[in-house]
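The values are calculated or read from the model by the stated rules, or taken from the named source; none is laboratory data. Values in this document were obtained by computation on a predicted structure and should not be read as measured data. Positions of Cβ are generated from backbone atoms using ideal geometry, with glycine treated the same way; all protein chains shown enter the neighbour counts. Calculation scope for accessible area: heavy atoms of the full protein, side chains included, ligands and nucleic acids excluded. Shrake-Rupley method; radii C 1.70, N 1.55, O 1.52, S 1.80 Å.
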Amino acid sequence: MTDRKTGLVDRRSVLAGLGAGLGAYAAGGVRLSLAAGPGNKRFVLVLLRGGMDGLALVPPYGDDDYASQRGALAIPGSGKDDGVIDLDGFHGLHPAASALLPFWQRQEMLVIPAAATPYRGRSHLEAQRVLENGSTTPDGAEGGWLNRALGLLGDGTAPAVAVSKTMPLVLAGLNETSIWPAQSLPQAITGYFEKVALLYSGDLIFAPLLAEGLRQKETRLSRLTEDDSLSGRGAWRPQDLEYIATMAAENLRADRGARIAVLEAAGWDTHQDQGSVNGVLARRLSGLSGALSAMAVAMGPAWADTVVAVVGEFGRSVTPNATRGTDNGVGGTMLLLGGSVAGGRIAGGWPGLSTSDLVDGAALKPATDTRSVFASILVDHFGMALAGVQKTVFPGSGGGAIQGLIR
């Protein structure tokens, strides 16, 4: 185990600005929901649609089987070029997620490396329903566990608003919710940039830049499919996530703002060409970590009373597949961040990466039930009674809250 211890217009700037205008929210990959709650405690749930590869975000490079099992997807060890950023001598951060390191150093980030719901199938839709309804099966409960928790926070009428066309299941239920229409977000006028390109068709500088921007727009749109918002294999934009995370923070920090937010980000179903140090997943990890960092800054003093939970519906396969990606798995990495988190450590057990320790010889075996993590947030952060959480929020869970996750 390795020991860790000029007056010309800039082309990149123009394309970046043009791309933002052309592609903002085209993929619908980021959604935000807000809810009111009593007191100054805040909670943000970040749902990573498609199943994030937690072994990439937090590589267990100290595991004897890590390098051989991950193959071309393995991140070099700590101290090597483009190597992992050491956390505890065994686990590290992907170098693209370096923006998360300050949270760890301030003991505001806690890593749960093998978390999962009770679901053991490989369907994204079914796995997401189990994650959000808080039961053991896709149809095991009506509505979402967080909506049921809202009823325990006060009089059961705490409003919720979603920046989306649909309310996420986790916030759906009997307690009051509403939708912030997606059209309220910035939208480009149909045909606007095509008209601009025609206007500048004779300009030696802008004509080729506009043409390239339009080409990138068409490339993004052509990749979109019906399940993009679910699996995230379309044009997921890290810029969108940072914008929505900052928007949520500004609402949460306000005296009369929301106290609970749900943020959904697509783009984590990396079946093909996932990459290791660089590549599509590395860019998404960079976008995620940057968005979380921006959220913390935008929260200001309210960050001290905040818990952010980052989780996907399941993890990914330990070994790469034939298309240089990973398949749908079981155990995944869960993050808790915030000033109210007792962080700077790894929580939960580590099942190991040897083939005999894996589920079906391919997927990471779970060591922590996600519901017990959520229960600990509700009990220790919001002060709910454990009996009420077990009976109403996670009925039939059979487990309790994990102590010591919250300050």
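For the reader, a short list of remarks on this structure follows.
- Residues within segment 331-366 that are outside any strand (DSSP E or B) and of a type outside the set (Gly, Ala, Ser), tallied: 10
- In segment 358-379, the residues that are closer than 18 Å to residue 346 by Cβ and open to solvent by less than 10 Å² (accessible area, probe 1.4 Å) form Cβ pairs under 7 Å with partners that are of a type in the set (Gly, Ala, Ser) and outside any strand (DSSP E or B), at six or more places apart or across chains, as follows: 364/315; 364/329; 364/331; 376/401.
- Listed conditions (1) modelled with pLDDT of 95 or more; (2) under 24 Å from residue 305 (Cβ atoms); (3) of a type outside the set (A, V, I, L, M) are all met by residue 382, apart from (1).
- Residues that are surrounded by 24 or more Cβ atoms within 10 Å (Cβ to Cβ), closer than 24 Å to residue 39 by Cβ and modelled with pLDDT of 95 or more are absent from segment 317-329 altogether.
- Note on segment 244-258: among residues that are out of contact with any helix residue (DSSP H, G or I) (no Cβ under 7 Å at 6 or more places or on another chain) and assigned to a loop (DSSP other than H, G, I, E, B), the one that is most open to solvent (accessible area, probe 1.4 Å) is 256.
- Test set (1) over 30 Å from residue 39 (Cβ atoms); (2) part of a helix (DSSP H, G or I); (3) open to solvent by 10 Å² or more (accessible area, probe 1.4 Å) - residue 285 fails condition number: (3)
- When residues of segment 170-185 are limited to those that are part of a helix (DSSP H, G or I) and crowded, with 22+ Cβ neighbours inside 10 Å, the one modelled with the highest pLDDT: 170
- Tabulated pairs, segment 73-86, first closer than 18 Å to residue 320 by Cα, second open to solvent by 80 Å² or more (accessible area, probe 1.4 Å) and modelled with pLDDT under 95, C-beta under 8 angstrom, 6+ apart or interchain: 75/82; 76/82
- Cβ-Cβ contacts under 7 Å between residues 6 or more apart (or on different chains), taken from a first residue in segment 320-342 that is on the phi > 0 side of the Ramachandran plot to a second residue that is open to solvent by 20 Å² or more (accessible area, probe 1.4 Å) and in a loop (DSSP other than H, G, I, E, B), are listed as 324/272; 324/273; 338/108.
- Condition check for residue 389 on (1) open to solvent by 30 Å² or more (accessible area, probe 1.4 Å); (2) over 21 Å from residue 107 (Cα atoms); (3) more than 21 Å from the chain's Cα centre (by Cα): one failure, at (1).
- Residue identified as touching a helix residue (DSSP H, G or I) at 6+ places or on another chain (Cβ under 9 Å) and over 24 Å from residue 102 (Cα atoms) among 298, 261, 294, 266: 266
- Of the criteria (1) touching a Pro at 6+ places or on another chain (Cβ under 8 Å); (2) part of a loop (DSSP other than H, G, I, E, B); (3) surrounded by 24 or more Cβ atoms within 10 Å (Cβ to Cβ), which one residue 52 fails: (1)
- Test result for residue 192, open to solvent by 70 Å² or more (accessible area, probe 1.4 Å), of a type outside the set (Asp, Glu) and at pLDDT below 80: yes
- Scanning segment 68-82 for residues being out of contact with any Asp or Glu (no Cβ under 7 Å at 6 or more places or on another chain) and surrounded by fewer than 19 Cβ atoms within 10 Å (Cβ to Cβ) gives a total of 7.
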